[in-house]
Amino acid sequence: MREKLRVVLYTKPDCGLCNEMKAAMNSAGCDELYTLEEVDIEQDPGTFELYRYEIPVLCINGVEAFRHQLAADDFKAYVTSLFVSS
């Protein structure tokens, strides 16, 4: 069995764009292909400085894949292509 992709969402509490991104990810219907880690940028000064004006940022297997917004179809296509090629 293949290892799931590692998806990291840089976010903060009460972030409307972040909630929209998570909703699009959920509606993509491919959650069995990845594990999601949410990183609250307010918990680390360095991470906050890096992403304070940029969230949400979504990294997949250590590579930034989406910033600010994503469409469910684009996310599914990206994740599926990485999972198949791994």
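What follows draws every value from the coordinates through simple rules; no lab data is involved. As the structure is a prediction and not an experimental result, all values here were calculated from the model. No Cβ is skipped: glycine too gets one built from the backbone with ideal geometry, and neighbour counts run over all protein chains shown.
Brief remarks follow.
- Of the residues in region 72-81, none is in contact with a Lys or Arg (Cβ under 7 Å, 6 or more places away or on another chain), among the β-branched types (V, I, T) and under 14 Å from R6 (Cβ atoms).
- Of residues in region 18-64 being among the charged types (D, E, K, R) and closer than 18 Å to L82 by Cα, the one surrounded by the fewest Cβ atoms within 10 Å (Cβ to Cβ): E32
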